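> The structure follows.
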Amino acid sequence: MRTPIVAGNWKMNLAVDEAVSLARGIAEGAPENGVKLIVSPVSVHLSAVSEALAASPVLLGAQNMHWATSGAYTGEVAGPMLRELAVRYVILGHSERRQHFGESDEGVNRKVHSALAQDFHPIICLGETLDEREAGNTETKVECQLRAAMSGLSAEQAQQTIVAYEPIWAIGTGKTASPQQAQEVHAFLRDVLRDRFDDNTANEIPILYGGSVKPRNFDALIAQKDIDGGLVGGASLKAESFLELARIGRSA
Ligand code: PGA
């Protein structure tokens, strides 16, 4: 059985005091129901949020990480810096980074290798645009992204990753993929993992759904066989809705 995961992606939001109080609210209200909770603040807030979460079961993620461990990369953040702040997860290849910052499949793959070498769990994001879905190209797109992100990984390494299927048309739009639409893609991704690695690896890797996850639609999503949790933007910015998702995560 895969552990359910609810991962918050706070994106470029909140002032530091707001981030700290959100983290405290989540830590205080976190249900002890076996759902793994991860929050990912903007990098300049990681230090303060890390302190706020110390001694709580809530885990810390970063929204990006450079593949180099140090050097002349103005504006970037390296793994060892994240490590010092008790970061365990890194979101890689989010569609906003691909779209606005030119992140390529190859770059994502380099970051995945670097993250694994430094003992992080990469949360590898992929998903199709509305045009791609309407043209019938969803599977081709996500298979391509998944294979590229995992290029060169051993099965053992792949088992340390988390995949997040996030249809771009559903992110921040209030339009969620239906549970059936999401399940179809998740089952397909698991088949790709089975083909690329083996049965055990495909069954081990959590596949999260992302794109307008809310307390009102999460129970039907998480009830699907291959949906192991959510990567959540908007609804992760309030302790109340994030904790509601955490509670729903177990009841499915
Ligand atoms: P959303 O964002 O929940 O606000 O749609 C999801 C994401 O981008 O991870």
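> Do we find that residue 103 is open to solvent by 10 Å² or more (accessible area, probe 1.4 Å), in contact with a Gly (Cβ under 8 Å, 6 or more places away or on another chain) and assigned to a loop (DSSP other than H, G, I, E, B) in this structure?
yes
> Can you tell which of 25, 71, 61, 34 is assigned to a strand (DSSP E or B) and small (Gly, Ala, Ser)?
Testing whether each residue is assigned to a strand (DSSP E or B) and small (Gly, Ala, Ser) leaves just 61.
> If you check residue 13 against the conditions, is it within 16 Å of the ligand (Cβ to nearest atom), open to solvent by 20 Å² or more (accessible area, probe 1.4 Å) and either assigned to a strand (DSSP E or B) or not hydroxyl-bearing (Ser, Thr, Tyr) (or both)?
yes
> I've got another one for you. Hey, can you tell me all the residues within segment 182-198 that are touching a residue at least 12 places away in the same chain (Cβ under 8 Å) and under 12 Å from residue 138 (Cα atoms)?
Answer for segment 182-198, where residues must be touching a residue at least 12 places away in the same chain (Cβ under 8 Å) and under 12 Å from residue 138 (Cα atoms): 182, 185, 186, 188, 189.
> Select from segment 90-132 the residues that are charged (D, E, K, R) and within 16 Å of the ligand (Cβ to nearest atom) and list them in ascending order.
Across segment 90-132, the qualifying residues are 96, 97, 98, 103, 128.
> Among the residues in segment 230-237, are any closer than 16 Å to residue 9 by Cβ and either in contact with a Lys or Arg (Cβ under 7 Å, 6 or more places away or on another chain) or away from the ligand (no atom under 11 Å from the Cβ) (or both)?
yes
The rows are residues; the columns are (1) open to solvent by less than 40 Å² (accessible area, probe 1.4 Å); (2) within 16 Å of residue 208 (Cβ to Cβ); (3) in contact (Cβ under 8 Å) with a residue 12 or more places away in the chain; (4) in contact with a helix residue (DSSP H, G or I) (Cβ under 7 Å, 6 or more places away or on another chain).
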| position | (1), (2), (3), (4) |
| --- | --- |
| 5 | yes, yes, yes, no |
| 17 | no, no, no, no |
| 25 | yes, no, yes, yes |
| 30 | yes, no, yes, yes |
| 37 | yes, yes, yes, yes |
| 41 | yes, no, yes, yes |
| 50 | yes, no, yes, no |
| 57 | no, no, yes, no |
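> Additional query: Quick one: residue 177 ticks every box in (1) modelled with pLDDT under 95; (2) on the phi > 0 side of the Ramachandran plot except a single one, so which number is it?
(2)
> Next question, about the same structure. Residues that are within 15 Å of the ligand (Cβ to nearest atom) and either touching a Leu at 6+ places or on another chain (Cβ under 9 Å) or within 25 Å of residue 222 (Cβ to Cβ) (or both): does segment 44-62 have at least one?
Yes: one or more hits.
> Spot the failing condition for residue 201; the list is (1) buried (at least 23 other Cβ atoms within 10 Å of the Cβ); (2) over 25 Å from residue 12 (Cα atoms); (3) β-branched (Val, Ile, Thr); (4) more than 16 Å from the ligand (Cβ to nearest atom), and only one is missed.
So the condition that residue 201 fails would be (1).
> In addition: Name, by its number, the condition in (1) without any contact (Cβ under 8 Å) to a residue 60 or more places away in the chain; (2) open to solvent by less than 50 Å² (accessible area, probe 1.4 Å); (3) within 18 Å of residue 163 (Cβ to Cβ); (4) touching a Leu at 6+ places or on another chain (Cβ under 7 Å) that does not hold for residue 88.
(2)
The values are calculated or read from the model by the stated rules, or taken from the named source; none is laboratory data. Since the model is a prediction, treat every value here as computed from it, not as a measurement. Every residue, glycine as well, gets a Cβ built from its backbone with ideal geometry; the counts of neighbours run over all protein chains shown. These area figures cover heavy atoms from the full protein model, side chains too; ligands, DNA and RNA do not enter into them. Shrake-Rupley method; radii C 1.70, N 1.55, O 1.52, S 1.80 Å.
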